[in-house]
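Since the structure comes first, as structure tokens, the remarks are kept for the end.
The values are calculated or read from the model by the stated rules, or taken from the named source; none is laboratory data. Owing to the predicted nature of the structure, the values given are computational and were not obtained by experimental measurement. Here the Cβ positions follow ideal geometry from the backbone for every residue, glycine too, while neighbour counts run over all protein chains shown.
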Amino acid sequence: MSSVMKNRVIVKIGSGLIASQNVISKIAEGIASFHNMKNEIIIVSSGAIATGMLKLSLKKKPSDLPSKQAAASVGQVDVMNKWTNVLLKYGISVAQILLTKNDFEDRSKYLNARNTILKLLSWKVIPIINENDTVATEEINFGDNDTLSAIVASKVAADHLIIFTDVDGLYNGNPKKNKNAELILEVRKISVDIEKYATSDAGCGFSVGGMLSKIEAAKIATASGIETHIANGKKNVCISDIISGRVRCTRFLTDVKIDGRKKWIAFGASVSGKIFIDEGAAKAILEKGKSLLPSGITKIEGNFTKGAVVSVVRENSEIAKGLVFYSSDEIEKIKGHKSQDIEKILCRKDYDEVIHRDNLALVV
């Protein structure tokens, strides 16, 4: 476990909590206390559309994209005002950062965003991050801020991700319907059973993504080596207590170490196609840390060039992402063949591997 002091922590707060001034004030108190102990805090805050609806006296959430985007543009002002006001009481300045998936898929944009966030932290300013709902469309949005918070945590090498919600964590049943439902305190591996618990019924559905999106966020974060916590933001706001295990919440452990470039490949870069591999190649990658050779490839999908990021798939399950040394047309010709045959087939051989281990990021 990381030390309580000098941690970099991402705190994600959902729309339901943002709506309550009393709750957001308590969360701000916990954030300020942790920040003032020389720790670094980044807030991922939902609530722009919901706040805009309230401001505009809209009785139901708009169904069309322009109305959602307009409501978000109105609400984002009030969301930032809330955070500015509650943290100003503790002498803490905040900054607004609005992001879309495009900002992570393009590596230069990603590095610019990351450098901005790190500079703000060095100035003791708390970044307030939200999805840029005003411009985000279905093609470029994250879908929910749980995913956004996990990706941000990965990109800035956070020590912990805390997802504040309105229940104590993940249960093995619905505690509102089943009094015998138990809170799962520790998860070492996100198994199929854990995912089943996260259905809208068992996990207590709320917000955009519900509990399932929080489990997906935990997958991303823990795969990047970031311990993740799902905690009740209405009653447990002491961040030191949460990350040190003194709060009853769900804690997702990790022993993964992954470098920044592989984090971008795994969770930031846009995927251009798929490479399907046989069981032998999958075992070599997963169990022996090997590169992907052409002999283990069974088929490909998509048109992509050398240097593209592709998904590596065993049967129907993605196991890794990586940067390819050859184009889709070239891989189509050499798939199933030994590396020594590449030059004979292509009239050249740049590399023995289709994806070198250094350019391969596991996602399982």
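Restrict the check to the range 297-304 and report whether at least one residue is more than 29 Å from Q340 (Cα to Cα), crowded, with 19+ Cβ neighbours inside 10 Å and among the aromatic types (F, W, Y). Taking every residue of the range 297-304 in turn, none turns out to be more than 29 Å from Q340 (Cα to Cα), crowded, with 19+ Cβ neighbours inside 10 Å and among the aromatic types (F, W, Y).
Could you list, in sequence order, all residues of the range 347-359 that are farther than 15 Å from G296 by Cα and touching a strand residue (DSSP E or B) at 6+ places or on another chain (Cβ under 7 Å)?
N359
Scanning the range 218-268 for residues that are among the β-branched types (V, I, T) and within 19 Å of the chain's Cα centre (by Cα) turns up I220, T222, I226, T228, I230, I243, T250, T254, V256, I258, I265. Please work out which one of (1) assigned to a loop (DSSP other than H, G, I, E, B); (2) crowded, with 22+ Cβ neighbours inside 10 Å is the condition A72 fails and give its number. A72 satisfies every listed condition except (1). Applying the set (1) farther than 28 Å from Y110 by Cβ; (2) out of contact with any Pro (no Cβ under 6 Å at 6 or more places or on another chain); (3) at pLDDT 85 or above to E131 leaves exactly one unmet item: (1). The listed residues are L58, L118, and the only one of them that is outside any strand (DSSP E or B) and closer than 21 Å to S149 by Cβ turns out to be L118.
Selection within the range 10-69: residues that are touching a residue at least 40 places away in the same chain (Cβ under 8 Å) and basic (K, R). The member of this set that is surrounded by the most Cβ atoms within 10 Å (Cβ to Cβ) is K12. Of all residues in the range 84-121, those being touching a residue at least 12 places away in the same chain (Cβ under 8 Å) and more than 30 Å from A266 (Cβ to Cβ) number 6. The helices (runs of 4 or more DSSP H) located wholly in the range 273-364 that include 1 or more residues which are closer than 30 Å to S191 by Cβ and at pLDDT below 95 occupy 279-288.
Only one entry in A153, A136, A113 is small (G, A, S), at pLDDT below 90 and closer than 18 Å to I226 by Cβ, namely A113.
Restricting attention to the range 75-115, the residues being in a helix (DSSP H, G or I) and among the aliphatic types (A, V, I, L, M) number 8. Inclusion of E343 among residues that are in contact with a Phe, Trp or Tyr (Cβ under 7 Å, 6 or more places away or on another chain) and either touching a residue at least 24 places away in the same chain (Cβ under 8 Å) or more than 22 Å from K262 (Cα to Cα) (or both) is not warranted.
Does the range 37-48 contain any residue that is of a type in the set (G, A, S), in the same structural domain as V247 (by TED's automatic domain parsing), in contact with a helix residue (DSSP H, G or I) (Cβ under 7 Å, 6 or more places away or on another chain) and part of a loop (DSSP other than H, G, I, E, B)? Yes - at least one qualifying residue is present in the range 37-48.
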